[in-house]
1. Say we join alpha carbon atoms closer than 10 Å with springs in a Gaussian network model of the chain; which of Glu137, Glu117, Glu227 then has the biggest fluctuation?
2. Counting just the Cα atoms, what span does the chain cover along each of its three principal axes? Round to the nearest Å and put the largest first.
3. Taking θ = phi - 60°, what integer Hz values does the Karplus form 6.51 cos²θ - 1.76 cosθ + 1.60 yield along segment 139-148, in sequence order, with x for Gly and Pro?
4. Given H placed on each backbone N at 1.01 Å, which residues far from Gly55 in sequence or on other chains put an amide H within less than 5 Å of it?
5. Could you put Lys135, Lys159, Lys101, Lys23 in order of accessible surface area, largest first, with the 1.4 Å probe and the full protein assembly present?
6. Any idea of Asp33's accessible area? Nearest 10 Å², probe 1.4 Å.
7. Which value in deg cm²/dmol, rounded to the nearest 500, describes the helix-derived mean residue ellipticity at 222 nm for the chain, given -39,500 (n - 2.57) per DSSP H run of n ≥ 4 and division by the residue count?
8. With θ set to phi - 60°, apply the Karplus curve 6.51 cos²θ - 1.76 cosθ + 1.60 along segment 51-62 and write out the HN-Hα couplings as whole Hz, x wherever there is a Gly or Pro.
Amino acid sequence: MTEPVLFHVADRIALLTLNRPDKLNALSYALIDALMAALDRIETDPAVRAVILTGAGDRAFSAGADIDEFSTNVADGRAAALRDFVRRGQAMTARLEAFSKPVIAAVNGLAFGGGCEITEAVHLAVASDRASFAKPEIRLGMPPTFGGSQRLPRLVGRKRGLELLLTGDPFPAQRALQIGLVNAVVPHAELLPAARALAQRIIRHGPDAVAAVITAATRGLNMAIGEGLQVEAEQFAALVGSRDLDAGLAAWRERRPPRVSG
Ligand code: COA
């Protein structure tokens, strides 16, 4: 049987490839579960320091939730639809958002629905100049269900977000860059090298400091600033006495580049 998520590690970076190209990498339950299992594996493997997420084939990053599959849950009623579809998808995007190692989406094509929601949830995103995005759930008569009604307006602003959510119209990579949904747009052939280069610029720093920055920024964004400052203080405090912080401060005192850990 074909694996729904391909897993390959090189240079301390895990490349996860959503692998249902004949279905435009639609997010079946099996694919979501495989992605979660891959993240579990990566989280406890100190040899892996960053994750790049991309899509198989030449058309899509992901065309979103598998409509045929979740339709059967909808037909089964509210409880089944929430349990099997919504909670599973929300857990996936929440896990990506809070993951302690940097996750970079390399958006190689269509990122519609859940594909766009993954892009919203991950820490950083690089898009191919062939990528296109959409929030098409409204065409199906529903709001987004994998966090897209919450993260997009927070990320790009309420009015920009609502325009995309209410029209459902596709938009190109350059627009995604302009509104802050992705960090960069690169020629298609340079997508994975660009994502890898970005990952390398992050993982030269200590893993504990990287995790602290991700946690402080991600948790803090969803809180009032007073609570966010408390999270920032806790993240710093947890590093006092750590190897990374001691080494970084010693390098500063000795006027030499920091020793890269891990
Ligand atoms: N769920 C399940 N299957 C999907 C899918 C999805 N979200 N998106 C695409 N597919 C399948 C199609 O059914 C088709 O399979 P088939 O060849 O067995 O019929 C295959 O992927 C190719 O898609 P197709 O629709 O033929 O390609 P297209 O180029 O004509 O259109 C899209 C591309 C993305 C515009 C169109 O597939 C689409 O609208 N998909 C749904 C997007 C969406 O609403 N996502 C949010 C879901 S909540």
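1. For the chain, modelled as a Gaussian network with Cα springs under 10 Å, the answer is Glu227.
2. If we take the Cα atoms of the chain, the spans are 64, 41, 34 Å.
3. Along segment 139-148, the couplings run 5, 8, x, 8, x, x, 10, 10, x, x Hz.
4. It is Leu18, Asn108, by chain and number.
5. Details: Lys135 0, Lys159 155, Lys101 30, Lys23 110 Å².
So, going from the largest accessible area down, we get Lys159, Lys23, Lys101, Lys135.
6. Rounded to the nearest 10, the figure is 70 Å².
7. Helix contribution divided over all residues of the chain: -14500 deg cm²/dmol.
8. 10, 10, 10, 9, x, 7, x, 9, 10, 10, 7, 6
The values are calculated or read from the model by the stated rules, or taken from the named source; none is laboratory data. Treat the numbers as computed from the prediction; the structure is a model and nothing was measured. Positions of Cβ are generated from backbone atoms using ideal geometry, with glycine treated the same way; all protein chains shown enter the neighbour counts. Each accessible area value is taken on the protein alone, full model and side chains, heavy atoms only, with ligands, DNA and RNA left out. Shrake-Rupley method; radii C 1.70, N 1.55, O 1.52, S 1.80 Å.
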